[in-house]
Amino acid sequence: MKLEDSDILVSGGGIAGLIAAAAFGSAGHSVTCVDPAPPVTEEAAQGSDLRSTAFLHPSIAVLSAAGVWERLAPHATALQVMRIIDAGGKLSQARLTRDFDAAEISDQPFGWNLPNWLLKREISARLAQLQNVRFLPGTGTAGLLARDSEALATLTDGTRIRARLVIGADGRNSPVRQALGIGTRTLRYGQKALAFAVTHERLHENVSTEIHRSGGPFTLVPLPDRDGKPSSAVVWMERGTETARLSALPREAFETELNIRSAGVLGHLTQVTRLTEWPIISQIADRFTGPRTALIAEAAHVVPPIGAQGLNMSLADLNALIDLSAGDPGSAASLATYERRRRPEAMARLLGIDALNRASMISARPLRDLRAAALGGLYAIAPVRRVMMRAGLGVS
Ligand SMILES: Cc1cc2nc3c(=O)[nH]c(=O)nc-3n(C[C@H](O)[C@H](O)[C@H](O)COP(=O)(O)OP(=O)(O)OC[C@H]3O[C@@H](n4cnc5c(N)ncnc54)[C@H](O)[C@@H]3O)c2cc1C
């Protein structure tokens, strides 16, 4: 059996794992990144990820240091305003609208939106430029023996990798987390999200819109024009029975429901990609570290897609790890600091997003009225609004 050395082994080549490999590679470490499933890098290909990711401000520095932002910037759509609408009144009626305009606190937009399939294409291309990074799609992590001195991983092709730091970026059912015997706390909502792209009649004007009614938020996030028409990514959260009903509808009937749910905010919406379905949970690992091992992204924490937090939290994990890896990456002291810095922060965000999601799911009329009143009151107070915007931007 082959035994190979690598400073860093990244288990998982989802977006978080690919960025981790590019970041550690750009910082000069030798990196091996493995994933049993090769990335799908074309929108129309089977299994492509039709979600988009809104990268908030602090994430851009991480992407730049990883040498990927310059590749992504030409494809990114700026997000200037976050609009929250409560449509909990009569069907398809927006009864309360509040705007967070990034101009109130900064000369920069809130963030930039990019399709996930394109992220995979561009980050994989960056990995191919880095001679100290080996990306092995089609090969997974099969076993892990982690000690304070080193971690020894066995890959599915039988190769063994000796690493100073293993990064578990292998998703919500993380095999690395399981190999370490780390449990999780999971909150289930019985919800799913439908993710797809639409074109629309009105310009989005770089406004990201979150519409609350019941069942969960319906979010429109700006994309570049498509076939000469304005376009947005949709994330539509509902209870699982309702997403099953919606996704089984013929296209025309689905589009009718879609236009009722969007409350007409961008004019008529036309579905332009297939629907993809994502189960929604909140989950946090009991620990984010083991000997010579750190969990990042969904291996460590999963949150519902509200406020574009998930991958941005993952890049904050990565930023902390890179910061702590100047000397011996994976030393017990640096991992203890990582645990202290990241787990409480992730837990606080998870609890906040959990509360927002539960408020958005409410269908009982009096509680919906309460939600609208709370939203209206909160967002009307300028200092509160600015504090919330800064929290989103990561500006202190
Ligand atoms: C509908 C929706 C919309 C979202 N929108 C946003 C947004 O706008 N902004 C934001 O910040 N976040 C967003 N998120 C969250 C974000 O998409 C996730 O945080 C992110 O995709 C998770 O990435 P990951 O790399 O941790 O996990 P995954 O994408 O699940 O990647 C895990 C990888 O590990 C691999 N793997 C499995 N087993 C093994 C093994 N044995 N060895 C090696 N690899 C293995 C898998 O093949 C997979 O490729 C959204 C989420 C949803 C559901």
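Here is how the numbers come out for the structure above:
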{"quantity": "Lysine pairs in the chain with Cα atoms under 30 Å, if 8 or more residues apart or on separate chains", "calculated": "6"}
{"quantity": "Scattering profile of the stretch 19-122 at q = 0.16, 0.21, 0.24 Å⁻¹ [log10 I(q)/I(0), Debye over alpha-carbon scatterers]", "calculated": "-0.87, -1.13, -1.26"}
{"quantity": "Convex hull (Cα only) mean projected area of the stretch 214-272, reported in nm² to one decimal", "calculated": "4.1 nm²"}
{"quantity": "Computed E for Ala78/Asp328 - FRET, C-beta separation, R0 45 angstrom, nearest 0.05", "calculated": "0.70"}
{"quantity": "Arg98, Arg185 arranged by Cβ crowding within 10 Å, fewest neighbours leading", "calculated": "Arg185, Arg98"}
{"quantity": "Separation in nanometres of the label points that stand 7 Å from Cα toward Cβ, at Arg251 and Gln129", "calculated": "3.8 nm"}
{"quantity": "Neighbour-count ranking [beta-carbon atoms within 10 angstrom, fewest first] of Ile19, Ile260, Ile281", "calculated": "Ile260, Ile281, Ile19"}
{"quantity": "Order of His75, His301 under a 10 Å beta carbon neighbour criterion, fewest first", "calculated": "His75, His301"}
{"quantity": "Cα gyration tensor of the stretch 92-234 - equivalent ellipsoid semi-axes, whole Å, descending", "calculated": "40, 22, 16"}
{"quantity": "Two-decimal Rg to Rh for the chain - Kirkwood Rh, Cα set", "calculated": "0.97"}
{"quantity": "Net length gained if the chain between Ser64 and Arg274 were fully extended (0.36 nm per residue, minus Cα distance)", "calculated": "72.4 nm"}
{"quantity": "Length gained when the stretch Asp227-Glu150 is fully extended (0.36 nm per residue, less Cα-Cα span)", "calculated": "22.5 nm"}
{"quantity": "Candidates Arg261, Arg134, Arg340: whichever shows maximal mean-square fluctuation once the chain is modelled as a Gaussian network with Cα springs under 10 Å", "calculated": "Arg340"}
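A short reminder: the numbers here are calculations on the coordinates, not readings from a lab. Given the structure is predicted, the values throughout are model-derived calculations rather than measurements. Positions of Cβ are backbone-derived with ideal geometry, glycine not excepted, and every protein chain shown enters the neighbour counts.
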